[in-house]
1. Quick check for me: using +1 on Lys/Arg Cβ and -1 on Asp/Glu Cβ, what's the dipole size of segment 70-157 about its Cα centre, in debye to the nearest 20?
2. Treating only the Cβ atoms of Lys and Arg (+1) and Asp and Glu (-1) as charged, compute the dipole magnitude of segment 1-89 about its Cα centre; round to the nearest 20 debye.
3. Evaluate the distance, in nm, between pseudo-label points positioned 7 Å from the Cα of S119 and of T143 along their respective Cα→Cβ axes.
4. Which value at 222 nm does the chain reach when only helices count, each DSSP H run of 4 or more adding -39,500 (n - 2.57), with the total divided by all residues and rounded to the nearest 500 deg cm²/dmol?
5. Please report the accessible area of V90 (heavy atoms, 1.4 Å probe, ligands and nucleic acids excluded) in Å², nearest 10.
6. Looking only at the chain, where both bridge partners belong to it, what percent of the DSSP beta bridges are antiparallel (to the nearest 5)?
7. For the chain, what is the accessible area per residue in Å² when the probe is 1.4 Å?
8. Identify the GluC sites (Glu not before Pro) of segment 1-97 meeting these criteria: DSSP loop state and at most 12 other C-beta atoms within 10 Å of the C-beta.
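The values are calculated or read from the model by the stated rules, or taken from the named source; none is laboratory data. Please read these numbers as outputs of a predicted model, since none were measured by experiment. Note that we place each Cβ from the backbone using ideal geometry, even for glycine, and neighbour counts take in every protein chain shown. For accessibility, only protein heavy atoms count, side chains too; no ligands or nucleic acids. Shrake-Rupley method; radii C 1.70, N 1.55, O 1.52, S 1.80 Å.
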Amino acid sequence: MESPTASTKPARVAVIADTHDNLPYPLVERIAAADEIWHLGDVCGDWILDELRLASTRPVKVVRGNCDSTDWPLTLDFTWNDLRIHLVHVPPDDDDPPPHVDLLLHGHTHVPRNETIGSTHFLNPGCITRPNRGALRSYAWLTLLPNARYHWELCLF
């Protein structure tokens, strides 16, 4: 299947973060039908990515978190139908979002986020295994649509 970053068709992306060497099997079942899976860091075990790849056979994008000791990239930047996307684990200072980014997806806080600052939309799927600040366990679906449109759906786990 063609990667959604190079396609003009809608794509459904499962977005997870901060698994910290723990991947509940029911989550794997829920996201196996994704067109892509994006892990926003603090994977803490290569086996997690192996399981995701085996379960879905779809591309898995990953950025390195502050608890990862691998050579994964710290950030990934790409465009999907004129939508400029930036994946990172630790979010930048809220007062200074990066220029020329439409969607910034991050982890690190273990708290879901759906907020626009300037022209940048910040999205965080929360945490499946160790949520923070009273948040519930969560992951998200990002549906990438034609004409630089998208839909974000937070899912409690």
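1. Working: 6 positive and 10 negative charges, 93 e Å.
Charge dipole of segment 70-157: 440 debye, to the nearest 20.
2. Values: 8 positive and 14 negative charges, 70 e Å.
Dipole magnitude for segment 1-89 comes out near 340 debye.
3. 2.7
4. Working: 2 runs with 18 residues, N = 157.
Rounded to the nearest 500, the figure is -3000 deg cm²/dmol.
5. About 70 Å², ignoring ligands and nucleic acids.
6. On the way: 24 of 37 bridges.
Approximately 65 percent, going by the DSSP bridge assignments.
7. On the way: 7430 Å² over 157 residues.
Ligands and nucleic acids excluded, the result is 47 Å² per residue.
8. On the way: sites: E2, E29, E36, E51; in loops: E2.
Hits after loop and neighbour filter: E2.
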